[in-house]
Structures are given as C-alpha cells and as structure tokens.
C-alpha cells in the first residue's frame, strides 16, 4: 500500500497566499483560453480608445501575460500581484514599457498615477472581511488619475450559482484533482483535493470568492466615489443580463 505525504497548507483566511504560489494552481488552470483573453482585451481597447502614451495598471496580474499583451501594443504597463513566484516569472518579460512588482492589493500603490486600472478574470473578492475587499477597491480607485478609468471583470454570481457543477475530477500530468463546489455564506467555495502520484503526496486547497451581485458592486463603487459608466455581460461586450450573462464587467471612472 502506497503512503502519501500530506502537505500542511493553511486553507482558511489567507488561502490565496498558498494556492496562487502552488505549482498545482498553475497546472490546474493551464488550459485557460489565451485567445479568448486576447480577444476580450482587444474589444476593451476598441471601447476605451486609450491614448498612445496611456499608463496602465494590471492588478492581480499573475504571471503577466495580459500585461505583456497590453505593453506589446505600446502602452506603459505595470503589473502587481501578491504571488512572488508569479512576479519572478513575469519579471523576465520586463522592458521599457513593462514592469512588475510584488504587492498586496489591499495596500495603496502609486496614488493618482495611472490612466487605466484593470482587474481581470475574477481577481477580486478573495478576502475574508468586507473591509479588506473595500480596501482593495480603494487601491484600484486611488491608483487612478482624476478622470481615469477602472475596468473590473468579475463573475456573474446569479449565472454561476445557476450553473454550478457540484463535483468534478481532472487528471493532469499524473496529478489527480477532485473538486467540490458549493455556495455558502454568500461565497463561492471550491475545495480542491490533490493527489500527486509522481511525488507521492496529497494537498488540499479551498478557494473562496464572494458572491457579489451587481447591486453589491454599485454600492461599493458609490462608496469609493467611482462613477459606473457601463456594465457588460460577457467578453464580446454584450449587454449585461442578470440571468443569462456569464460575466459582470464594470467600466467606471474616477471624477
């Protein structure tokens, strides 16, 4: 009988610190659609019409592929992320138009500095308390110059709850992922049990994302003094529909 080592991982309030730094996170999500992401960003730029010398902040940038995509178009882009492992990988792509920093989005970063601030692909709402999430939104707002634009791309909670897959199993590179999903306490919870057959070890992580609604965001944005100018429901920029739209993409400005 094979014996597997249990990896000691804190899965409660600071789950994202361990999970986003884990090689299993990148293995599980390595099939994310880069073409879809590029198409979304192209649609976004066509809508926003940034000036050629626009400065942009990509918050929760991960390994920086979307930051690089923007910088390759000539914009001056800064990416920040909590994961030092991801930032170390992103830094290999740095150039005159592109830079990366390890930073906690709950803390201020370059106040009144950027023309645009982006938060892509549900990289918000991870924190345990509402105050922490409000602090993160304040960082996004304060980083903007007056008149600057914030784009926050979130899941549509109503749609996700209606289409939730309670259980799922995947195998990648001899690693088994058993995934369980539920909605509890106004959060989407995903427990990921991992069996690494090559390394003979197990691990368990729990993702937790707030089930924020459009009304929740409208209240939070108003509290920060952000003016919502448009809400889209998918990456093709169709109008938002609470029941049918997979995404909640908010465009807002800082007065």
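The values are calculated or read from the model by the stated rules, or taken from the named source; none is laboratory data. Predicted, not measured: the structure shown is a model, and the values here were computed from it. As a convention, Cβ positions derive from the backbone with ideal geometry for all residues, glycine included, and neighbour counts pool all protein chains shown.
State all residues of the stretch 46-63 that are more than 13 Å from residue 121 (Cα to Cα) and surrounded by 17 or more Cβ atoms within 10 Å (Cβ to Cβ); if no residue qualifies, say none. Residues satisfying the conditions are 50, 54, 55, 56, 57, 63. Taking the stretch 206-228 only, how many residues are touching a residue at least 60 places away in the same chain (Cβ under 8 Å) and farther than 26 Å from residue 16 by Cβ? Counting residues in the stretch 206-228 that are touching a residue at least 60 places away in the same chain (Cβ under 8 Å) and farther than 26 Å from residue 16 by Cβ gives 1. Residue under question is residue 153, and the condition is that it be modelled with pLDDT under 95, touching a strand residue (DSSP E or B) at 6+ places or on another chain (Cβ under 7 Å) and surrounded by 14 or more Cβ atoms within 10 Å (Cβ to Cβ); does it hold? Criteria not met by residue 153. Would it be correct to say that residue 24 is touching a residue at least 60 places away in the same chain (Cβ under 8 Å), buried (at least 17 other Cβ atoms within 10 Å of the Cβ) and in a helix (DSSP H, G or I)? When the stated conditions are applied, residue 24 passes them.
One line per residue, one yes/no per condition, for (1) surrounded by fewer than 16 Cβ atoms within 10 Å (Cβ to Cβ); (2) modelled with pLDDT of 95 or more:
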residue	(1), (2)
76	no, yes
86	no, no
106	no, yes
111	yes, yes
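Here residue 172 clears all of (1) in contact (Cβ under 8 Å) with a residue 40 or more places away in the chain; (2) surrounded by 14 or more Cβ atoms within 10 Å (Cβ to Cβ) except the condition numbered (2). A single entry from 111, 77 fulfils the requirement of being part of a strand (DSSP E or B), farther than 24 Å from residue 189 by Cβ and touching a helix residue (DSSP H, G or I) at 6+ places or on another chain (Cβ under 7 Å): 77. Here the condition is being part of a strand (DSSP E or B) and over 28 Å from residue 39 (Cα atoms); of 231, 179, it holds for 179 alone.
For every residue, the table says whether it meets (1) modelled with pLDDT under 95; (2) over 25 Å from residue 71 (Cα atoms); (3) part of a loop (DSSP other than H, G, I, E, B).
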{"residue": "126", "(1), (2), (3)": "yes, yes, yes"}
{"residue": "131", "(1), (2), (3)": "no, yes, no"}
{"residue": "137", "(1), (2), (3)": "no, no, no"}
{"residue": "160", "(1), (2), (3)": "no, yes, no"}
{"residue": "168", "(1), (2), (3)": "no, yes, no"}
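Exactly one residue out of 191, 197, 180 is surrounded by fewer than 17 Cβ atoms within 10 Å (Cβ to Cβ) and either over 27 Å from residue 132 (Cβ atoms) or in contact (Cβ under 8 Å) with a residue 24 or more places away in the chain (or both): that is 197. Every test in (1) touching a residue at least 24 places away in the same chain (Cβ under 8 Å); (2) out of contact with any helix residue (DSSP H, G or I) (no Cβ under 8 Å at 6 or more places or on another chain); (3) not in a strand (DSSP E or B) is passed by residue 104 save one, and that test is (1). For residue 166, all conditions in the list (1) over 30 Å from residue 255 (Cα atoms); (2) surrounded by 15 or more Cβ atoms within 10 Å (Cβ to Cβ); (3) free of Cβ contacts under 8 Å to residues at least 60 places away in the same chain hold save one; what is the number of the exception? Going through (1) over 30 Å from residue 255 (Cα atoms); (2) surrounded by 15 or more Cβ atoms within 10 Å (Cβ to Cβ); (3) free of Cβ contacts under 8 Å to residues at least 60 places away in the same chain one by one, residue 166 breaks only (2).
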